[in-house]
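One structure is given below, encoded as structure tokens.
The values are calculated or read from the model by the stated rules, or taken from the named source; none is laboratory data. Bear in mind the structure is a predicted one, so any value in this text is a computation, not a measurement. A quick note on method: Cβ atoms are made from the backbone with ideal geometry, for glycine too, and the neighbour counts reach across all protein chains shown.
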């Protein structure tokens, strides 16, 4: 069910980060707070609670568990405060189950390059050792096999993590920045009106996984 | 400077709305509150106040004036509360001037279909004659001729209007839903890191314009 992004995506939400020669990082890893790390591909656990509204049917809150594989760029500087780090989601795999909707699997939409960045908030650039902020724009596919339905977003889901004191922000909580609703479309009928909406999303980054743990999730 | 969207855009943020046979509406128009109107192309004034952050240079707040041309779909129902209306931005032209940055012109990015919808908020669907909410995802180009620079967004700018009691929501205030910052990229160097950020945006929809007023703005 996990899908890696291959080839050239049609839509890029930001800069593409180099992956060649970048180490694939599993547990255990030592992460030093307030130090911009060398490039890496982080294999991290993730949990998420998403609420879906299906007009005329109902609203459904679903807990998801899974992992992400994220490539990080060379920091633009060795200095924590002024450094920027760019990220791409290479893989995402989350599973949840709803009594009404059945199992739901979430993966990346390979039409999109899901991109992000970590930088110091503008208001904190004069602070000593400020926390940084992480933002990532994501194109996802929600697969609902019991309903024979695959849904996707056409506007990126913006995932944000504040108070980032180490990179990667393993263990941090984050939020999907959704104003009221984010339309979801039917993969089988992409030009039609939205069939559902994501109305809220909160998540928690986990820690580094073992290679076996990411493989077991496939 | 105004640019109409022609051909097939590479990125569509939502459904495409039919324009053939849809009347092009200028002032004067009679808009009836709480009644879903027949399809139309609305030529409306707009003003906007945008704040741009250019790292290492400064933060600049600029007032813009101009117009938009928006096509509205046939409402999905005659009933105000349950009706949905889909919209596409066909044209946008705004001009502003900053003492530091010089003149700035804003137009649509023709690579994107900028799309929106008007519907009743989920929480208000049982209310009698509820206000509706309008949301639109926009791909724009900001032209800064003094700096020889054109900037664009890769994540859509989400413009929202609440308390919509008539369609179109002429005269309503609205907001760009920006969490901290929205990256802007250099048209001449699209694969590079962002060069500026939009950090806040508030706008006000104007009323119907005359044909002469929209032509004068070109």
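Annotations for the structure displayed:
- Only one of A:167, A:161 that is buried (at least 23 other Cβ atoms within 10 Å of the Cβ) and more than 10 Å from every other protein chain (Cβ to nearest Cβ): A:167
- Filter pass, residue A:73 being within 14 Å of chain B (Cβ to nearest Cβ) and crowded, with 20+ Cβ neighbours inside 10 Å: yes
- Among residues of segment B:185-201, those that are closer than 18 Å to residue A:10 by Cα and in a strand (DSSP E or B), counted: 1
- Considering (1) over 30 Å from residue B:84 (Cα atoms); (2) at pLDDT 95 or above; (3) within 20 Å of the chain's Cα centre (by Cα); (4) more than 14 Å from chain B (Cβ to nearest Cβ), the lone condition that residue A:49 does not fulfil carries the number (1).
- Only one of the listed residues (B:192, B:188) is farther than 30 Å from residue B:127 by Cβ, within 9 Å of chain A (Cβ to nearest Cβ), at pLDDT 95 or above and surrounded by fewer than 17 Cβ atoms within 10 Å (Cβ to Cβ). That residue is B:192.
- Criterion: farther than 30 Å from residue B:114 by Cα, in contact (Cβ under 8 Å) with a residue 12 or more places away in the chain and either in contact with a strand residue (DSSP E or B) (Cβ under 6 Å, 6 or more places away or on another chain) or surrounded by 21 or more Cβ atoms within 10 Å (Cβ to Cβ) (or both) - qualifying residue of A:97, A:125, A:155: A:97
- In segment B:112-129 there is at least one residue that is more than 10 Å from chain A (Cβ to nearest Cβ), at pLDDT 95 or above and part of a helix (DSSP H, G or I).
- Residue A:140 falls short on exactly one of the conditions (1) more than 13 Å from the chain's Cα centre (by Cα); (2) within 30 Å of residue A:28 (Cα to Cα), and that condition is (1).
- Boolean, residue A:64 is buried (at least 22 other Cβ atoms within 10 Å of the Cβ) and either part of a strand (DSSP E or B) or within 12 Å of chain B (Cβ to nearest Cβ) (or both): no
- Of all the criteria given as (1) under 30 Å from residue B:75 (Cβ atoms); (2) within 14 Å of chain A (Cβ to nearest Cβ), the one not satisfied by residue B:183 is (1).
- Any pair with Cβ under 9 angstrom, 6 or more apart, that starts in segment B:62-91 at a residue that is within 14 Å of residue B:23 (Cα to Cα) and ends at one that is in a loop (DSSP other than H, G, I, E, B) and modelled with pLDDT under 95: B:69/B:2; B:69/B:4; B:90/B:4; B:90/B:5
- The listed residues are B:155, B:150, and the only one of them that is away from every other protein chain (no Cβ under 14 Å) and within 14 Å of residue B:108 (Cα to Cα) turns out to be B:150.
- Residues in segment B:195-211 that are closer than 29 Å to residue B:38 by Cβ and either under 18 Å from the mean Cα position of the chain (by Cα) or within 13 Å of another protein chain (Cβ to nearest Cβ) (or both): B:203, B:204, B:205, B:206, B:207, B:208, B:209.
- In segment B:28-39, residue nearest to the other protein chains (Cβ to nearest Cβ) [restricted to those that are in contact with a strand residue (DSSP E or B) (Cβ under 8 Å, 6 or more places away or on another chain), surrounded by 14 or more Cβ atoms within 10 Å (Cβ to Cβ) and in contact (Cβ under 8 Å) with a residue 60 or more places away in the chain]: B:36
- If you check B:79, B:42 for being away from chain A (no Cβ under 12 Å) and either surrounded by fewer than 19 Cβ atoms within 10 Å (Cβ to Cβ) or in a loop (DSSP other than H, G, I, E, B) (or both), only one passes: B:79.
- Test: residue in segment A:1-22 that is away from every other protein chain (no Cβ under 14 Å), surrounded by fewer than 20 Cβ atoms within 10 Å (Cβ to Cβ), touching a strand residue (DSSP E or B) at 6+ places or on another chain (Cβ under 8 Å) and free of Cβ contacts under 8 Å to residues at least 40 places away in the same chain: no
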